[in-house]
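Working notes for the structure below.
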Protein chains: 4
Amino acid sequence: MKAARLHAYDQELSFDEVDEPQITGPHDVIVRMGAAGLCRTDIHIRDGDWRVAQEGAGLQFPYIPGHENAGWVHQIGSAVSNVEVGNTVILHPLVTCGLCRACRAGDDMHCSNGLFPGLVADGGFADFMKTGARNCIKLDPGLEPKDVAAHADAGLTAYHAVRKAANLLYPGTKAVVIGAGGLGHIAVQCLKALTPAEIIVVDKSEAALKLAEQIGADETVVADGSHIEKVMDLTDGQGAEAVIDFVGERGVEKEAPQMLRRAGTYYVIGYGGALDLLTHTMISTEISVVGNLVGTYNDLAELMTLAAQGKVTLHTATYPLDAVNEAMADLDGGRLQGRGIMIPPGAAA
Amino acid sequence: MKAARLHAYDQELSFDEVDEPQITGPHDVIVRMGAAGLCRTDIHIRDGDWRVAQEGAGLQFPYIPGHENAGWVHQIGSAVSNVEVGNTVILHPLVTCGLCRACRAGDDMHCSNGLFPGLVADGGFADFMKTGARNCIKLDPGLEPKDVAAHADAGLTAYHAVRKAANLLYPGTKAVVIGAGGLGHIAVQCLKALTPAEIIVVDKSEAALKLAEQIGADETVVADGSHIEKVMDLTDGQGAEAVIDFVGERGVEKEAPQMLRRAGTYYVIGYGGALDLLTHTMISTEISVVGNLVGTYNDLAELMTLAAQGKVTLHTATYPLDAVNEAMADLDGGRLQGRGIMIPPGAAA
Amino acid sequence: MKAARLHAYDQELSFDEVDEPQITGPHDVIVRMGAAGLCRTDIHIRDGDWRVAQEGAGLQFPYIPGHENAGWVHQIGSAVSNVEVGNTVILHPLVTCGLCRACRAGDDMHCSNGLFPGLVADGGFADFMKTGARNCIKLDPGLEPKDVAAHADAGLTAYHAVRKAANLLYPGTKAVVIGAGGLGHIAVQCLKALTPAEIIVVDKSEAALKLAEQIGADETVVADGSHIEKVMDLTDGQGAEAVIDFVGERGVEKEAPQMLRRAGTYYVIGYGGALDLLTHTMISTEISVVGNLVGTYNDLAELMTLAAQGKVTLHTATYPLDAVNEAMADLDGGRLQGRGIMIPPGAAA
Amino acid sequence: MKAARLHAYDQELSFDEVDEPQITGPHDVIVRMGAAGLCRTDIHIRDGDWRVAQEGAGLQFPYIPGHENAGWVHQIGSAVSNVEVGNTVILHPLVTCGLCRACRAGDDMHCSNGLFPGLVADGGFADFMKTGARNCIKLDPGLEPKDVAAHADAGLTAYHAVRKAANLLYPGTKAVVIGAGGLGHIAVQCLKALTPAEIIVVDKSEAALKLAEQIGADETVVADGSHIEKVMDLTDGQGAEAVIDFVGERGVEKEAPQMLRRAGTYYVIGYGGALDLLTHTMISTEISVVGNLVGTYNDLAELMTLAAQGKVTLHTATYPLDAVNEAMADLDGGRLQGRGIMIPPGAAA
């Protein structure tokens, strides 16, 4: 089969002919890839930012990146009972054991024995990939792999944070979404679907804000230095019950808590920066700061329901898999509108 | 009546003869003071650390500090229906409006119109003080003002944080209490009463740890530089589901999150320092940081139930009110064992 | 002022000239009535069905019914701080003490000292009525008393049940609403605003179902004997996560639990019948049955937000107050489309 | 191996020599039995009360009952990673798929593909039994199979209900436990471990009540006809926040809700009777009725923690497995004090 592989850090990916993955365990599932989302993490991986994690996991080069995957079940292990050959599926990104306390509580991301294909094992930039039965979610007939692949990580992460926030968002509350890019524009749609809150979107890009308005933002604020003040104005000087931050760096993580109402909650999704919050501020306003890590299997299944109902749609730009380096350059250079989706040769045929 | 008053910042309190407070509104309650707890905040007030808040509220000097108050109902306004003259009461520290959204949800500390006697109005270092009907909780006949007064703020704050943490603490979980002093030793007892968690107490003082063991700590750890490592050992290298921090300064606020298990929660109660948490840490372990501010009226009522049942007891040292400066010196100098309790002349008689 | 009064059970209401209510306590609020909803309970009251409750409360005839009230603040007691003369307000139906455990937890309906005007004291079928400060919710300028009065009880009750159910309703779940009349058609709109659930409405009336479809029902089922089967078909043979029953009598209360999915919840709002559920059914499917009683002050405030946002609208038919008996006859005779709204002479002027 | 088998309904079990179970699937686990609890359900099975369920599942006679099982891992399938041969284990009673929505949410009892050994497949009245990897919970070294086996169903069911109730039970609340037998006496200990509630136990047997007092009941009430009244007296005429009913038949299910406080919750565990509750009662007091079905894998793991900590202990009477009919006669005849525990020949050796 064909696959895009990384042979060494700081190199472009190489489009190689490689052996197809094989079933070796009873829960294994081989998926014929339909589409794989391109994530900024793929650039970080290429640039060696994940070296420690990859070496720690014993990853051997060359290997196949790609962790936002959807396609069709091609072959199944002897103990797989939840999918059949031919099913269209999206894949939860973490291969989990199903046996630890976290798995038994539905907290997939905290599995004691999780494996993340695309990062520490071969992923989905290929004609076929190997995953587990526990990763497969059957898609509604109305959904195609290329339309949803990016939900496997980007969408799931946005949905997971929104679902937590939804518990606090009753009529009359305000939710601030910082960053209306890949994840943020999904979050806006999820907030709209799950809550009656008024949605205020903050971003540097007027184009991104325009899109945000079209998909459900009630108010948009250009991040031009006056944005904290504007958010306070839009919240009667009180701040918002929830601030959902998809940036988490370059000072945004310092600004975000300033937009909170007393007893409000700051949801951290983007990263790269550091909190710098006085403990006195934490207690005198009784705010909370909540980390968010991808999401659960059931979260992804719920998100697929919203996608099937047309309540959440992705803006994408497709590339043939052999153009992956071009796609990465476009992403890096800010030329990629929407989420980049890689289509392997087998699916394009 | 007699009262201990602050005439200017950085001065000792003065023991003065002053007019008794009068009923002026329909919800007013005049309480004959039985006991008032001495809090480190009272020292901060004397030293001018709360100048901004006090000036902002228009406080006039001299005024009467004291915000941990209990006594007997002496006189009631025309609309007071929940207490009668002669009732023994403990007083929730915040005078609230009862009409805003927060009050209507039971979130007393977030009242839009709250007033904090002892800080921005006359408090309880006196023979009588004025409070509101909404502040009064009738005491079980087995409880005396001097035994519970310090619960009005210190105990309430500890209880409120423990009650939040209790939601996460099922059998097999671990709770770390940092700081086994005034609030911490109440928290240990509340954890014991409310949860099946194993309780690990961290403190610099071996004496404080010894007390902690007697009142319910399962494990104690001296904060000698190896304490993070020891907590990790006591939690099978995983960390604790809850870390409850009554220090919140001097670097403790940096150490505390390091003792958390994946998906764990750090409860901030002590203050003075600043969080310094990478957003990458927040998301990769999916931890939460939760601020805590005093507690609700119902929290205090519940704590009084625990006190009446003998499940939570305070370690106190009583002083006559005219020895308040001595008590403050003892507290400041580390010579005060347990919580200092001021007894006004009228109650001592 | 003018008022419609009941002089004796089983008689028509009489349109009388009576004294205006007076401020007697510090929290009292006199409201100039703008509109009062007519409720089936008013017919039950006239027919003596509430005799026991009314006599138990010492109600003297003649008295003024009307418990769904909205208007303008006319006069306020000395301690009222949340509204001013001239404010447009809707009134929470229960006058509460604000001091008991339930009130302090925001559970208004379980106030230990509640008083229900319109049932055990004079209500809103008049030019003026007396209520309390705790009952007043200021209306958005876009809302008029006649458009929202019926929310004070009917809407609030529907909203309260939906808000409980919303906790269980994630994408892909189904909610069955039984009875698409006065309360049910509000519930459908609230479900739409608060949850991503698919909404299935069951009613005997095709006209009611048609309206339900226009305001958000995803599926409608005529209650013709095959409705349980049809609901099971619409839920893949599994049943619904939530069944919200606005009938609760005439056998509906026996049918409703049969539409539940395993671990589902049956919300009882309508009444008149009796549950007849085997304990074996309760445990083998692990279902819950949840009673619902009106709602909280904050519930009503949230519903007013939805009304102001245009997300929940009432279908009404207005009558001048002196036509109240005609309105009651129309309601009793099934000739009243939407909720009947009484307009007192003062408001009509 | 030796096994006690049922050859036909209404016959005694026969002590037979049978083939040992074999590993056939990758998740299979063969357990060398240490102990199996005897449950009233085993008598019902023998008497044919479960004929429909057993025939529906295609069960062939003779078969081996026994669904409260603990022992040592004897052999494991190729994909089993959570236990090793030699581990001491208790077995969750339902063999689950791990793949359906319920399993992925930790709701084991609602698995779409569950299998209940001892009821519809061979169970634990034998030297060996076959279960799944997902059923095994490793025991603390301080626990022996015979001490905990009955927790696998009886204890788990009691714990599951208490854990739900614990959410409502803050200091000052009351919990009524009806039936202080096999499950009830575990519930009392679980309530003590998890909550600060006052525990009131109601039973017909003075001996059972005496035991209840020793293990944590605060108050005991003989069910002699005056028990509802006595519970009301013990709850200040208000009723209890939680009523946990382990009888559920013979009229107890009619009495239980009468002991509820407004907004209280009735937990149904015992069965055999039928609820007869007016919908008017449900709504006017806003009570809830909650069914309870066994419990989750994590519930059982938590209960094992309480057992290892000595917080929950079982009162048992052991019998060699070949005396199973005698044990059943003792249970049926009311001569069995505590839970009957069958010890197979292999474990007794």
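The values are calculated or read from the model by the stated rules, or taken from the named source; none is laboratory data. Every value quoted in this text rests on a predicted model; they were computed, and no experiment measured them. Virtual Cβ from ideal backbone geometry, glycine too; neighbours counted across all protein chains shown. Heavy atoms of the whole protein, side chains included, go into the accessibility calculation; ligands, DNA and RNA do not. Shrake-Rupley method; radii C 1.70, N 1.55, O 1.52, S 1.80 Å.
In region A:94-241, what % of DSSP beta bridges are antiparallel (nearest 5)?
Working: 1 of 11 bridges.
Percent antiparallel among DSSP bridges in region A:94-241 is about 10.
Here the contact order of region D:244-349, divided by its residue count and restricted to Cα pairs under 8 Å and six or more residues apart, works out to 20 percent.
Interface size, chains B and D: roughly 1000 Å² of accessible area buried, both sides included, 1.4 Å probe, rounded to the nearest 100. Near the amide H of B:Ile244, within less than 5 Å, lie the amide hydrogens of B:Val176, B:Val177, B:Ile178, B:Tyr267, all on another chain or at least 5 residues away, with H placed in the peptide plane. A label point on A:Gly142, set 7 Å along the Cα-to-Cβ line, lies at 2.9, 5.7, 6.3 nm from each of its counterparts in the other copies, closest listed first.
Once neighbouring chains are kept in place and the probe is 1.4 Å, which whole percent of the accessible area of chain A is contributed by carbon and sulfur? Carbon and sulfur: 47 percent of the exposed surface of chain A.
Of the residues in region D:97-127, those shielded by at least 50 Å² of accessible area once partner protein chains are present, compared with the chain alone at a 1.4 Å probe, are D:Leu99, D:Arg101, D:Arg104, D:His110. Each copy carries a label point for A:Ala79 at 7 Å from Cα toward Cβ; from one copy, the others' points are 0.4, 6.7, 6.8 nm away, ordered from shortest. Kindly provide log₁₀ I(q)/I(0) values, in the same order as q = 0.19 Å⁻¹, from the Debye equation applied to equal alpha-carbon scatterers of region A:26-124. Per q value, in the given order, log10 I(q)/I(0) is -1.05. Over chain A, DSSP H runs of length four or greater, each weighted -39,500 (n - 2.57), average out per residue to a 222 nm ellipticity of -7500 deg cm²/dmol. For region B:172-250, taking Cα atoms only, Rg and Dmax work out to 11.2, 31 Å respectively. When both region C:88-117 and region D:311-339 are represented by their alpha-carbon centers, they are found 53 Å apart. Across region C:242-250, rounded Karplus estimates of 3J(HN,Hα) from the backbone phi angles (6.51 cos²θ - 1.76 cosθ + 1.60, θ = phi - 60°) give 9, 10, 10, 10, 9, 9, x, 7, 6 Hz, Gly and Pro being marked x. Take B:Asp233, push a point 7 Å out from Cα through the beta-carbon direction, and compare it with the same point in every other copy: 5.6, 5.9, 6.9 nm, smallest first.
Sorted largest first by accessible area at a 1.4 angstrom probe radius, with every protein chain in place, the residues A:Phe61, C:Phe116 fall in the order A:Phe61, C:Phe116.
Counting only Cβ charges, +1 for Lys and Arg and -1 for Asp and Glu, the dipole size of region D:120-172 around its Cα centre is about 300 debye.
Given a 1.4 Å probe and heavy atoms of the protein chains only, how would you sort B:Lys311, D:Lys174, D:Lys204, largest accessible area at the top? Mind dumping the intermediate values first?
Values: B:Lys311 80, D:Lys174 30, D:Lys204 155 Å².
Sorted by accessible area, descending: D:Lys204, B:Lys311, D:Lys174.
Residues whose amide H falls under 5 Å from that of B:Gly291, counting only those 5 or more places apart or on a different chain, are A:Ile287, A:Ser288, A:Val289, B:Val268, with hydrogens built in the peptide plane. For chain A, the solvent-accessible area of protein heavy atoms averages 36 Å² per residue (probe radius 1.4 Å; ligands and nucleic acids excluded). Each Lys and Arg adds +1 at its Cβ and each Asp and Glu adds -1 at its Cβ; summed about the Cα centre, region B:224-349 shows a dipole of about 200 debye.
Once the Cα atoms are used to define both axes, helix C:154-166 deviates from the longest principal axis of chain C by about 40 degrees. The HN-Hα couplings worked out from phi for region C:13-28 by the Karplus form 6.51 cos²θ - 1.76 cosθ + 1.60 (θ = phi - 60°) are 6, 10, 9, 10, 8, 9, 6, 6, x, 10, 5, 10, x, x, 9, 5 Hz, whole numbers, x standing for Gly and Pro.
Return the ratio Rg/(2.2 N^0.38 Å) for the protein assembly as shown, where Rg is computed over Cα atoms only. Before the final figure, lay out each step's value.
Numbers: Rg = 32.8 Å, N = 1396, 2.2 N^0.38 = 34.5 Å.
Relative to the 2.2 N^0.38 Å estimate, the protein assembly as shown comes out at 0.95.
So what is the orientation-averaged projected area of region D:236-349, using the convex hull of its C-alpha atoms, in nm²?
Mean orientational projected area (region D:236-349, Cα hull): 10.5 nm².
Counting only alpha carbon atoms, the long axis of helix B:297-308 and the longest principal axis of chain B meet at about 80°. Summary: within chain B, the longest segment free of GluC sites (Glu not before Pro) located in DSSP loops with at most 16 other C-beta atoms within 10 Å is B:85-248. Helix B:184-194 and the longest principal axis of the Cα set of chain B meet at an angle near 80°. Taking Cα centre as origin and charging only the Cβ of basic (Lys, Arg, +1) and acidic (Asp, Glu, -1) residues, the dipole magnitude of chain C rounds to 740 debye. Residues of region C:167-198 whose accessible area (probe 1.4 Å, heavy atoms of protein chains only) drops by at least 40 Å² once all protein chains are present, relative to their chain alone: C:Tyr170, C:Pro171, C:Leu194, C:Pro196. Report the Rg/Rh value for region A:148-196, based on alpha-carbon coordinates and the Kirkwood definition of Rh. For region A:148-196, the value is 0.97.
The spacing between region D:1-57 and region D:256-287, judged by their C-alpha centroids, is 36 Å. Applied to region C:107-122, the Karplus parametrisation 6.51 cos²θ - 1.76 cosθ + 1.60 on θ = phi - 60° returns per-residue 3J(HN,Hα) values of 8, 3, 5, 9, 3, 6, 10, x, 10, 10, x, x, 10, 10, 7, 4 Hz, with x for Gly and Pro.
Compute for chain A: radius of gyration divided by Kirkwood radius, i.e. Rg/Rh, restricted to C-alpha atoms, rounded to two decimals.
Details: Rg = 20.2 Å, Rh = 20.7 Å.
The Rg/Rh ratio comes out at 0.98.
Straight-line cross-link partners of D:Lys130 among the lysines, defined as a Cα under 17 Å from its Cα and at least 8 positions apart when in the same chain: D:Lys2, D:Lys138. Toward the positive end of the charge dipole of region A:258-349, with +1 on the Cβ of Lys and Arg and -1 on the Cβ of Asp and Glu, the farthest Cα among A:Ala329, A:Leu277, A:His315 is that of A:Leu277. Taken over the C-alpha atoms, region D:262-306 has Rg and Dmax values of 14.7, 42 angstrom.
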